[in-house]
Amino acid sequence: MDFLNSLDTAERLAFISVAQERTFLRGARLMEEGAPANYVIVILSGWTQITLQENGRARVIAERGPGQLVGERGALRVNVRSATVTALGTVRALVMSTENFASFVDAHPRVLDIIEGQIYSRLTEELAGRPRDGFPVGLSLEPVRPAWLTAPQRLRTLAGENCTVLRTDVVGFGALERNDHDRRIIRLSSRDMMRACLGHVWDECTIEDRGDGLLIVVPPHIPTAAVIALLHQKLPGELRQHNRTYGESVRIRLRVAANVGPVTSDELGISGEAIIRTARLIDAPALKEAMDAAGAALGIITSEFVYETVIRHAAEWVNADEYAMVEVNVKESRIPGWLRLIDPAPPEPRTPQTTHC
């Protein structure tokens with residue numbers, strides 16, 4: 001997709017007026033995997049190569065050239081780069097900070113559709129293992145699953161150790177007003193948000209994609225308090241940034257459940273009572289009804305154990321009084337849970353009543 005030529009004249013002039021032109025020599029790294037995502041680039045001339053580190057080796061996933069936007073995913077939804085971008089020759093480019101790029105998108109809502117289309121196209125490109133723009137890069141034609149879609153991501157065998165278990169669920173994932181394009185962006189975005197939220201912890205977790213959400217099992221050596229702190233400190237901001245950036249059909253309202261208990265793993269996957277109870281928490285009618293009534297963007301529900309051992313003693317990053325006890329009545333389960341709503345919708349303004357004399 002030629003991003004620059006997809007803009008109308010006013011949008012193009014607005015972008016160029018804020019961006020700075022820079023020249024990169026052959027071999028220069030315009031972006032580096034794992035580095036802070038603090039700018040985006042539109043290539044004016046020259047070509048770049050996009051690579052990912054896999055098993056200690058760089059795998060080429062695409063090449064980008066004139067008119068193309070690079071770095072938008074990292075800039076809008078995660079804190080670090082997901083790939084390295086290297087100049088194949090001399091490259092001239094327009095460089096814009098992420099703050100200015102977000103402001104540009106806010107001021108020109110039509111650009112959201114362009115960016116969403118590009119993200120979808122590139123997601124499909126990654127899934128196919130080859131670029132869609134016809135520029136050959138010598139990749140195998142066998143489909144390659146990118147690292148973020150690998151499920152389950154199994155890094156260790158679990159034999160009944162007590163693990164922190166998280167379950168996420170996107171409200172209205174299958175709603176009729178959403179199409180498959182929307183749902184694919186939502187899946188990618190919600191995964192990116194949790195990855196950014198958990199930081200280095202993410203790389204040690206066992207993760208399964210459940211379609212409308214994720215099952216995340218944190219290994220036993222990572223304290224539950226550290227996980228719950230990251231959830232409260234990072235996730236609301238990631239969710240707000242996504243919802244400011246995207247149009248209505250791909251905005252996300254998210255439910256998150258947290259529990260602790262024994263987990264086992266084998267060749268079939270992960271299992272355990274703790275996982276079942278976490279699923280009950282995320283499906284609690286009390287959580288769904290409270291979020292709907294408040295119009296909240298984020299609802300967090302925890303087991304009684306997590307509340308009593310972590311949240312009640314973590315005044316430095318959460319006010320325990322913001323949690324309310326609810327009864328979780330799902331299938332045969334009747335268990336207590338602790339619920340917190342974040343970013344409720346503002347109340348509708350009241351229409352002043354006219355007084356007749």
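The values are calculated or read from the model by the stated rules, or taken from the named source; none is laboratory data. These figures come from a predicted structure and were not determined experimentally. FYI the Cβ positions are ideal-geometry reconstructions off the backbone, even for glycines, and counts take in every protein chain you see.
At-a-glance table
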{"read-out": "Subset tally (residues that are in contact with a helix residue (DSSP H, G or I) (Cβ under 7 Å, 6 or more places away or on another chain), in contact (Cβ under 8 Å) with a residue 60 or more places away in the chain and not in a helix (DSSP H, G or I)) for region 167-200", "value": "7"}
{"read-out": "Only one of 286, 226, 294 that is touching a residue at least 24 places away in the same chain (Cβ under 8 Å), surrounded by fewer than 20 Cβ atoms within 10 Å (Cβ to Cβ) and more than 27 Å from residue 163 (Cα to Cα)", "value": "294"}
{"read-out": "Subset tally (residues that are of a type outside the set (Lys, Arg) and over 26 Å from the mean Cα position of the chain (by Cα)) for region 20-56", "value": "11"}
{"read-out": "Those residues of region 313-326 which are surrounded by 14 or more Cβ atoms within 10 Å (Cβ to Cβ), within 27 Å of residue 241 (Cα to Cα) and out of contact with any Lys or Arg (no Cβ under 7 Å at 6 or more places or on another chain), in sequence order", "value": "314, 318"}
{"read-out": "Residues being among the charged types (D, E, K, R), farther than 12 Å from residue 337 by Cα and touching a Pro at 6+ places or on another chain (Cβ under 9 Å) - total across region 265-321", "value": "1"}
{"read-out": "Spans of helices (runs of 4 or more DSSP H) in region 1-97 with at least 1 residues within 27 Å of residue 194 (Cβ to Cβ)", "value": "72-77"}
{"read-out": "Residue selected from region 298-312 under the condition out of contact with any strand residue (DSSP E or B) (no Cβ under 7 Å at 6 or more places or on another chain) and touching a residue at least 12 places away in the same chain (Cβ under 8 Å), by the criterion surrounded by the most Cβ atoms within 10 Å (Cβ to Cβ)", "value": "310"}
{"read-out": "Meets criteria (within 21 Å of residue 73 (Cα to Cα), surrounded by 15 or more Cβ atoms within 10 Å (Cβ to Cβ) and touching a strand residue (DSSP E or B) at 6+ places or on another chain (Cβ under 9 Å)) for residue 11", "value": "no"}
{"read-out": "Matching option when the condition is at pLDDT 85 or above and not aliphatic (A, V, I, L, M), among 309, 351, 355", "value": "309"}
{"read-out": "So residue 57, is it at pLDDT below 80, over 15 Å from residue 88 (Cα atoms) and basic (Lys, Arg)", "value": "no"}
{"read-out": "All positions within region 180-235 that are among the β-branched types (Val, Ile, Thr) and either at pLDDT 90 or above or more than 18 Å from residue 299 (Cα to Cα) (or both)", "value": "185, 201, 206, 207, 216, 217, 218, 222, 224, 227, 228"}
